[in-house]
Amino acid sequence: MDAFGGPIWSMAASPSGSQLLVGCEDGSVKLFQVTPEKIQFERNFDRQKSRILSLSWHPSGTHVAAGSIDYISVFDVKSGSAIHKMLVDRQYMGVSKRKCIIWGVAFLSDGTVISVDSAGKVQFWDSATGTLVKNHLIANADVQSIAVSDQEDSFVVGTAEGTVFHFQLVSVTSNSSEKQWVRTKPFQHHTHDVRAVAHSPTALISGGTDTHLVIRPLMEKVEVKNYDAALRKITFPHRRLVSCAKKRQLLLFQFAHHLELWRLGSTVATGKNGDTLPLSKDADHLLHLKAKGPENIICSCISPCGSWIAYSTTSRFFLYRLNHEHDNISLQRVSKMPAFLRSALQILFSEDSTKLFVASNQGSLHVIRLLEGSFKHLHTFQPQSGTVESMCLLAVSPDGNWLAASGTSAGVHVYSVKHLKLHCTVPAYNFPVTALAIAPNTNNLVIAHSDQQVFEYSIPDKQYTEWSRTIQKQGFHHLWLQRDTPITHISFHPKRPMHILLHDAYMFCIIDKSLPLPNDKTLLYNPLPPTNESDVIRRRTAHAFKISKIYKPLLFMELLDERTLVAVERPLDDIIAQLPPPIKKKKFGT
Amino acid sequence: MVQLRPRASRAPASASAMVDEGQPASEEAAEHGLLLGQPSSGAAAEPLEEDEEGDDEDDEAPEELTFASAQAEAKEEERRVRDTVRRDKTLLKEKRKRREELFIEQKKRKLLPDTILEKLTTASQTNLKKSPGKLKEVNLQKKNEDFEKGSDSKKAKVQKVQTVGQNKSYLALRLKDQDLRDSRQQAAKAFIQNCLYGPGTNRTTVNKFLSLENKRLPVKKAAAQFLNHAWGSQKKQNAKRFKRRWMVRKMKASKK
């Protein structure tokens with residue numbers, strides 16, 4: 001819906017959740033009523049001279065602080081009039097030609113307004129009198145974000161230099177009741193602007209232009225030394241962005257607004273283990289498909305035979321037919337999508353490319369049969385529990401009989417595609433599923449969770465396999481459990497049922513179920529020992545987890561056929577080279 | 001002193017002047033008329049011609065004119081003048097009318113056909129009671145769906161309507177709104193670009209940022225992007241063109 005105020009710079013929901021304030025380009029602050037059916041415009045507050053860049057509600061919902069350019073206004077919600085207009089200095093203790101932009105405001109329950117602006121200042125204002133209480137200069141560049149904790153005794157700010165500062169309310173002397181705000185900890189985990197910060201009860205979360213999401217737990221709040229107590233830097237998304245058409249050796253890359261289809265190159269040279277062979281035929285960029293409309297692409301998939309491409313944005317679903325003639329391809333869009341096929345969270349094609357499985361964001365699962373130039377809707381599986389499942393993963397068995405779907409709350413549901421009904425449900429686990437796959441022949445469902453646990457469930461027997469029970473009893477190696485990144489893809493070898501191939505961003509691993517499991521004392525990462533070691537020692541140190549860290553950072557890895565493995569790497573330097581410029585930092589000696 | 005009758009112009013405005021002139025002349029004539037007794041009608045009927053002819057003989061006596069004849073003549077003039085004015089007015093009126101009709105015709109051609117307009121107005125009347133928020137939502141949803149179709153009807157500057165009747169295959173927009181929206185978006189983009197990356201901000205380039213490490217290593221390395229391939233692009237292009245032309249000339253010369 002259009003707010004008719006121009007581009008919207010800031011939005012804040014009231015503490016009660018029933019009202020929404022929107023700050024616009026033309027300087028107006030608009031109040032909206034939020035009801036379960038719709039959002040309705042209520043009224044405008046007093047119009048200000050310059051654009052409203054930040055908004056914050058008072059916890060009681062009676063007052064609102066709005067940060068603009070060179071001033072902050074405090075509004076009374078009932079009347080909509082501006083009570084105070086607090087002018088901000090353009091520079092700490094000085095004058096400047098550049099206007100001071102108030103990037104963030106926060107309203108505390110005792111009436112203090114905290115503002116962060118482009119001059120690098122953090123200022124504390126008293127909203128009752130409209131005066132400045134305290135002024136801190138913390139950076140030479142903009143301070144762009146602020147987040148206050150729920151108890152209002154600490155807040156975090158992020159600057160354009162990549163530094164994150166933690167402010168806390170501490171008592172002046174050890175036994176006095178008077179408290180003051182003190183800047184306690186600086187953290188430098190980013191190289192570019194920090195545009196957003198959040199304050200959870202135990203951690204500070206920051207994210208910015210350098211594409212990393214950093215979670216810094218606060219040590220004084222941490223009670224137990226566990227997985228959550230370490231600094232986490234998330235660089236790559238935790239979903240699969242690359243799909244592979246095995247039969248034609250095609251890879252489909254999903255970007256934010258377009259899809260790229262590449263054919264892998266090939267080589268005729270041979271060499272020994274560890275060599276890099278020259279390509280006789282280069283990789284071919286076959287298709288660059290731009291998404292229609294301004295929305296981002298949520299998920300995409302290519303069928304294993306390479307003749308169908310499907311992708312989905314938040315409101316539309318697109319299906320294309322690819323015709324391969326010799327070396328050229330031609331694309332044809334399948335128009336007239338059915339009404340129920342709007343937005344999908346996950347798309348999957350069956351192994352023989354005759355069926356399409358779509359997990360919609362309403363929680364239902366659609367099965368569609370693909371014909372020559374069109375499709376036919378076969379069945380829809382409705383959500384079991386009635387709740388809308390947000391994170392969804394799909395897996396289909398290579399023989400086409402079973403379909404596994406995971407949500408957040410209930411366990412993984414396994415449906416029978418032949419009979420089109422629910423077969424069984426894997427018991428629920430408190431951590432979400434990050435990867436799902438069904439093995440050929442044995443029809444074992446392998447599930448990887450975000451706490452690095454891997455389960456194997458036999459679908460025909462409707463119970464966990466022996467190997468899975470053994471490893472759960474023994475437990476995984478501690479280094480395996482401390483890995484940073486989750487497993488995003490699982491695949492299998494068609495001729496070796498004892499092998500499971502999994503990968504995360506910094507390693508790929510083949511689990512050999514026939515070998516013994518490592519305990520905490522053995523070395524987890526043991527690459528091939530030198531050949532002059534005796535056979536006995538090699539057998540003794542060998543264990544089930546064969547890990548390789550040759551390729552990193554790894555986006556995707558898949559077995560193309562029995563002898564070929566394809567791995568897609570995404571070097572971080574390439575990403576950094578395309579980012580906007582950072583703030584200049586003067587280093588001694590340069 | 002003989003008062004020569006002034007040479008009369010053919011303009012109708014001087015009709016009143018002639019009437020006035022006629023009076024003193026008629027007074028004289030009245031005096032003389034009693035003496036002469038025969039105002040030649042011919043002379044009165046065509047005084048103007050006689051006047052011009054009379055100019056050849058300066059020593060002749062001025063013609064005598066009775067009051068009645070002069071009055072009749074003046075009235076005649078007046079009537080003629082009034083007639084012409086009326087005719088002109090009607091002509092102008094007709095012309096204006098025709099122009100108006102032409103304009104209406106052209107305007108009608110530009111607008112949508114009547115049936116659709118009727119549907120739009122009736123639809124807007126019935127739906128005016130609904131809340132504006134919902135209509136805006138509906139409007140925008142349709143706008144998103146029928147964006148391509150809406151652009152066809154953009155040519156007509158029809159006032160923005162709340163809903164689009166039964167058909168729902170097109171959307172009427174006002175061009176002024178779109179311009180305002182675009183200009184605001186441009187202003188917002190320029191603002192954020194300027195305050196974050198514009199002049200006055202202390203930004204460095206990506207190349208310098210990546211090379212900072214190299215400068216502090218124990219064995220100093222070159223910058224991440226040492227060569228600037230974009231330098232002198234025009235010069236390089238000119239050189240390439242010149243080389244091609246020189247090669248052609250050389251080939252021609254060697255062939256001869």
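The values are calculated or read from the model by the stated rules, or taken from the named source; none is laboratory data. Keep in mind it's a predicted model, so treat the numbers as computed, not measured. Glycine gets a Cβ as well: all are built from the backbone with ideal geometry, and neighbour counts include every protein chain shown.
Among the residues making up region A:543-590, those that are among the charged types (D, E, K, R) and more than 14 Å from chain B (Cβ to nearest Cβ) are A:Lys546, A:Lys549, A:Lys552, A:Glu558, A:Asp561, A:Glu562, A:Arg563, A:Glu569, A:Arg570.
Inspection of region A:348-365 identifies no residue that is part of a loop (DSSP other than H, G, I, E, B) and of a type in the set (Phe, Trp, Tyr). Considering only residues in region A:1-32 that are away from every other protein chain (no Cβ under 14 Å) and among the hydroxyl-bearing types (Ser, Thr, Tyr), the one that is nearest to A:Gln144 (Cα to Cα) turns out to be A:Ser14. Regarding A:Asp228, is this residue modelled with pLDDT under 90 and not in a loop (DSSP other than H, G, I, E, B)? It is true that A:Asp228 is modelled with pLDDT under 90 and not in a loop (DSSP other than H, G, I, E, B). Listed conditions (1) within 14 Å of chain B (Cβ to nearest Cβ); (2) touching a Pro at 6+ places or on another chain (Cβ under 8 Å) are all met by A:Gly120, apart from (2). Taking the numbered list (1) touching a His at 6+ places or on another chain (Cβ under 8 Å); (2) surrounded by fewer than 15 Cβ atoms within 10 Å (Cβ to Cβ) in turn, A:Asp2 passes all entries but (1).
Taking the criterion of being part of a loop (DSSP other than H, G, I, E, B), small (Gly, Ala, Ser) and surrounded by 17 or more Cβ atoms within 10 Å (Cβ to Cβ), the residues of region A:16-32 that qualify are A:Gly27, A:Ser28. Among residues of region B:168-196 that are within 11 Å of another protein chain (Cβ to nearest Cβ), those with a Cβ under 7 angstrom from a residue that is hydroxyl-bearing (Ser, Thr, Tyr) and surrounded by 13 or more Cβ atoms within 10 Å (Cβ to Cβ), sequence gap 6+ or separate chain, pair up as B:Cys195/A:Ser118.
For region A:112-154, the tally of residues that are outside any strand (DSSP E or B), more than 35 Å from the chain's Cα centre (by Cα) and either surrounded by 18 or more Cβ atoms within 10 Å (Cβ to Cβ) or among the small types (Gly, Ala, Ser) (or both) stands at 3. The residues listed here are A:His326, A:His377; of these, the one that is loosely packed, with under 14 Cβ neighbours inside 10 Å and at positive phi is A:His326.
Looking only at region A:393-425, residues that are assigned to a loop (DSSP other than H, G, I, E, B) and surrounded by fewer than 22 Cβ atoms within 10 Å (Cβ to Cβ) come to 12 in all. Residues that are surrounded by 22 or more Cβ atoms within 10 Å (Cβ to Cβ) and over 17 Å from A:Trp125 (Cβ atoms) were ranked within region A:33-66; the one that is nearest to the other protein chains (Cβ to nearest Cβ) is A:Arg51.
Annotation: of all residues in region A:89-111 being surrounded by 14 or more Cβ atoms within 10 Å (Cβ to Cβ) and within 14 Å of another protein chain (Cβ to nearest Cβ), the one that is nearest to the chain's Cα centre (by Cα) is A:Trp103. Residue under question is A:Ser206, and the condition is that it be at pLDDT 90 or above, over 22 Å from A:Leu554 (Cα atoms) and in a strand (DSSP E or B); does it hold? The answer is yes for A:Ser206. Looking across region A:194-211, the residues that are surrounded by fewer than 20 Cβ atoms within 10 Å (Cβ to Cβ) and closer than 18 Å to A:Ile576 by Cβ come down to A:Arg195, A:Gly207, A:Thr209, A:Thr211. Within region A:1-15, being under 16 Å from B:Lys189 (Cα atoms), of a type in the set (Gly, Ala, Ser) and in a loop (DSSP other than H, G, I, E, B) holds for A:Gly5, A:Gly6. Filtering region B:197-222 to residues that are more than 9 Å from chain A (Cβ to nearest Cβ) and among the aliphatic types (A, V, I, L, M) leaves B:Leu217, B:Val219, B:Ala222. For region B:200-221, the condition of being under 17 Å from A:Gln578 (Cα atoms), within 51 Å of the chain's Cα centre (by Cα) and either at pLDDT 85 or above or not acidic (Asp, Glu) (or both) holds for at least one residue. Applying the criterion of being touching a His at 6+ places or on another chain (Cβ under 9 Å) and not in a strand (DSSP E or B) to the residues of region A:441-459, the residue that is farthest from A:Gln474 (Cα to Cα) is A:Ile459.
For the subset of region A:542-590 comprising residues that are of a type in the set (D, E, K, R) and touching a residue at least 24 places away in the same chain (Cβ under 8 Å), which member is farthest from A:Leu502 (Cα to Cα)? My answer is A:Lys585.
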